[in-house]
Each structure stands twice: as C-alpha cells, then as structure tokens.
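To start, the structure under review is shown below, and the notes come after it.
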Amino acid sequence: MDRPRPITNAEAAAALDKAAAQVRLNLPKYTKRCQKHSSVDGVYPACGNTDWTCGFWPGEVWLAYERTGEDAFRQTGMALVDSFHRRIVKKIRVAHHDMGFLYTPSCVAAYQLTGEQKAKEAAVLAADQLIRRFQPKGEFLQAWGRMGARSNYRFIIDCLLNLPLLYWASRETGDGIYADIARRHTATCMANSFRPDGSTFHTFYMNKDGTPGHGRTCQGYKDDSFWARGQAWGVYGSILSWRDTGDPAALDTFRRALAFYLTRLPEDLVPCWDMLFQPDSGEPRDSSSAAIVACGLLEAARLLPREEGAGYEELAREMMGSLARDYAVPELKKGAGLILHGTYSKKSPYNTCFPEGVDECTSWGDYFYMEALTRLTADWTPYW
C-alpha cells in the first residue's frame, strides 16, 4: 500500500506549536475544572476531577510548558497539582487501577519539571493506592470493583500504562515493593492478555484460585475481535515494560503486538475503532490508537539498536504525518481538542459499552499526539 509521507522535523515543530496554541486557548476553561474524556461536537465539556481520564489534560499543559517555557502553563499545571493532591488525599473516585493515567502526566510530570514536593507526594500516594489493588492469587492488579469479587477478579490491557508510576515510586522512595508488584502484574499480563498471534484481549478474568480464566474484548466489537486502543496499549505498554524490567519476554511481546497491529492498518495508518473492520465498513476510526502506537515506536527507537530503531522511527513519522495532515483539528477554537476522529466507547451487538465519544476528540488521543510530536522535536525525558 502507499504509506503516508513521513512528517519532517519542521512539520512536527509546526504541529506542536499549533497544539500548544490550542492548549493555551483552553487554559481558562480547564484550570479550575478538568476536561471531560471526549468532546461533544468537537468541544470538551468541563468536569470535576473525577474521571479516570482527567490526567491527560494536565499532561498537555506540561508538554506545552516544555515547548514554550510560558509561565501561564506552569501556573495552570500547578493549580491542577493542587486538585490532584486533594483528590488522592480525600480518596475521590480512586478505587480503581487508573492511578498511572491520572498521576503520571499530572504529578510525576510536574515534579520532574519543577521539583514541587506536593506533586511528588500526590504521585507516591497514588502509587500506594494502586498497589492496594494487587491480588496475590493470580498476581495482578484488579481493575475495578469490590476487591476479590468473582465478577471483578480481572485485569485489563490498559494497566500496562499504569505500571510506570510504580517503577517511578520505587526509584523515588527506595522501596522495592512498587516495582515488584509491577513486575508480577506484567508477567501475568504478558502470559494472558496477548493471544498467540500478537493480538490482545481487553479484559482477562482470573479464577479465584489464581489460575488463568478467560479473555474478553469488552470494549471491542466482540470477544474474538481486535479493539484498536487495547492493541495500542499493548504496543506502548510492552516496550515500557521491557525498559523497566529488561525482560526479553516483554520485548518479544512488543514486536509481536506491533506486527499484528500493522497487519490490520488501512493505507493512512489510522485504524478503525476495532481492527476487525476496514474503513469501507463505515465503522468510525480511532485516531488515538495511532498516536499511542507512535509514542511506543518512538520509545522503542530511543531504546533499541539503531538498525532496528530507525525503522520504528520512520514508521512513527508516517503515522504522525497522517495524523498531523488529515486528522488535526483545522482551526483553533476554545474548548476544542487536537485530533479528530477518535472513539471512546462504541456500542456493538456483542458488548455492553455505553456509546459516547464516537468520532470525536479524546483527551488521551490529544495527549499522546502531543507527546509524539514532543518526542520528534526534543530530547524528551518521558513522564512514563
């Protein structure tokens, strides 16, 4: 197929500057409140700091601060640190595994860039909250629900992006328990969430005796299909796991998950929301998946020998070229996102999803789009 033209350094810089300008325009709307997980008719509703997705907007703010050095971004970022500190101290909707999604781009980033101790304290408390979800029987971090309940004795592929918070906490505190739990969860995930062909289950249920149960693709079209965002979490999460553990199995998983992902892509390298479909099906795209995978490719290019890494960087540039040219929001508008045609949750005859955020901007899609552009334009120290 004819692959998209790779984004150049100059184009990436221009796209990042445009993204920072949109973030700047959005500061008044999302400083005292947070940004909802997905846009409605192209504009994000404001919300309280309660969603699992609320950390991505602060991540955009810190990336914009890194790009521009403007104090307005720093002030907003610090105001959001206060909000996230209050949330974890008061335990406001934190009885789930998404502490990394919440606290890595908001508070780990803030601490990394400013040395603010309140940000560090909030992130360590979030890591403490996360390890409370560890199930010794089965060795996994339970995603949601009452701990130990049979119907919720499960983990999901997304959690691979929550684990960097635990490795960070071990480095910062000197306590190895965080990293040990992260490694044990990773091993369980690698053994069960990835099918032999490299595709992924969204959810994997464990038996109460700790033995593997069965996989489901709850947010995909059906159990044996290929939810695009879950596959993207698998690609990025497995290379991060290899970085943090050095386990050859994680690197092998990254290569297999990526290889499968590539077999299901249309010509413009932006998949439909479930990779069972191609664009001629009429099913919506999920631009966020392409942005997530691009970040994983650029992390791999940074870590692996040049001969292999150069190919990953070229592929990431092609993906980002497609996103920047054909998916970026065309005009700046207060409350708008950065990239169009994302999908949060799509109902199908075989899943129980509530339909929302279909063919809209998504907060994580915007964040990872901006992260990938940052990786292409700077010697960036990852938040993850």
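Some observations on this one:
Quick grid of which residues meet (1) surrounded by fewer than 17 Cβ atoms within 10 Å (Cβ to Cβ); (2) outside any helix (DSSP H, G or I); (3) more than 17 Å from the chain's Cα centre (by Cα):
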| residue | (1), (2), (3) |
| --- | --- |
| 188 | no, no, yes |
| 210 | yes, yes, yes |
| 214 | yes, yes, yes |
| 220 | no, yes, no |
| 231 | no, no, no |
| 254 | no, no, no |
| 257 | no, no, no |
| 261 | no, no, no |
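- Residue within the range 75-82 that is under 20 Å from residue 238 (Cβ atoms) and either in contact (Cβ under 8 Å) with a residue 12 or more places away in the chain or among the aliphatic types (A, V, I, L, M) (or both) present: no
- Residue ID - surrounded by the fewest Cβ atoms within 10 Å (Cβ to Cβ), chosen from residues in the range 353-384 that are of a type in the set (D, E, K, R) and touching a helix residue (DSSP H, G or I) at 6+ places or on another chain (Cβ under 9 Å): 375
- Taking the listed residues 16, 27, the one that is open to solvent by 10 Å² or more (accessible area, probe 1.4 Å) and of a type in the set (A, V, I, L, M) is 27, with no other qualifying.
- All positions within the range 265-292 that are under 20 Å from the mean Cα position of the chain (by Cα) and not aliphatic (A, V, I, L, M): 271, 272, 273, 274, 284, 285, 286, 287, 288, 289
- Qualifying helices (runs of 4 or more DSSP H) (wholly inside the range 31-124; at least 3 residues being over 26 Å from residue 141 (Cβ atoms) and open to solvent by 40 Å² or more (accessible area, probe 1.4 Å)): 56-68, 71-90
- Those residues of the range 129-164 which are over 22 Å from residue 191 (Cβ atoms) and crowded, with 18+ Cβ neighbours inside 10 Å, in sequence order: 129
- The residue list 132, 146 contains one member that is closer than 22 Å to residue 88 by Cβ, touching a helix residue (DSSP H, G or I) at 6+ places or on another chain (Cβ under 8 Å) and among the charged types (D, E, K, R), which is 146.
- A search for C-beta distances below 7 Å between a residue of the range 35-55 that is at positive phi and any residue that is assigned to a loop (DSSP other than H, G, I, E, B) and buried (at least 23 other Cβ atoms within 10 Å of the Cβ), counting only pairs 6+ apart in sequence or on different chains, returns 42/361.
- The residues in the range 204-250 that are of a type in the set (Ser, Thr, Tyr) and either more than 22 Å from residue 291 (Cα to Cα) or free of Cβ contacts under 8 Å to residues at least 12 places away in the same chain (or both) can be counted, and the count is 3.
- Residues in the range 84-120 that are of a type in the set (S, T, N, Q) and within 21 Å of the chain's Cα centre (by Cα) were compared, and the one that is farthest from residue 153 (Cα to Cα) is 112.
- Some residue of the range 233-252 being modelled with pLDDT of 95 or more, surrounded by fewer than 16 Cβ atoms within 10 Å (Cβ to Cβ) and of a type in the set (Ser, Thr, Tyr): no
- The listed residues are 322, 348, and the only one of them that is of a type in the set (S, T, N, Q) and not in a loop (DSSP other than H, G, I, E, B) turns out to be 322.
- In the range 1-13, the residue that is farthest from the chain's Cα centre (by Cα) out of those that are of a type outside the set (S, T, N, Q) and more than 20 Å from residue 268 (Cβ to Cβ) is 10.
- Residue count for the range 268-296, restricted to those that are in a helix (DSSP H, G or I), in contact (Cβ under 8 Å) with a residue 60 or more places away in the chain and among the hydrophobic types (A, V, I, L, M, F, W, C): 5
The values are calculated or read from the model by the stated rules, or taken from the named source; none is laboratory data. The structure presented is a predicted model; accordingly, all values stated were derived computationally and were not measured. Cβ coordinates were reconstructed from backbone atoms using ideal geometry, including for glycine residues, and neighbour counts include every protein chain displayed. These area figures cover heavy atoms from the full protein model, side chains too; ligands, DNA and RNA do not enter into them. Shrake-Rupley method; radii C 1.70, N 1.55, O 1.52, S 1.80 Å.
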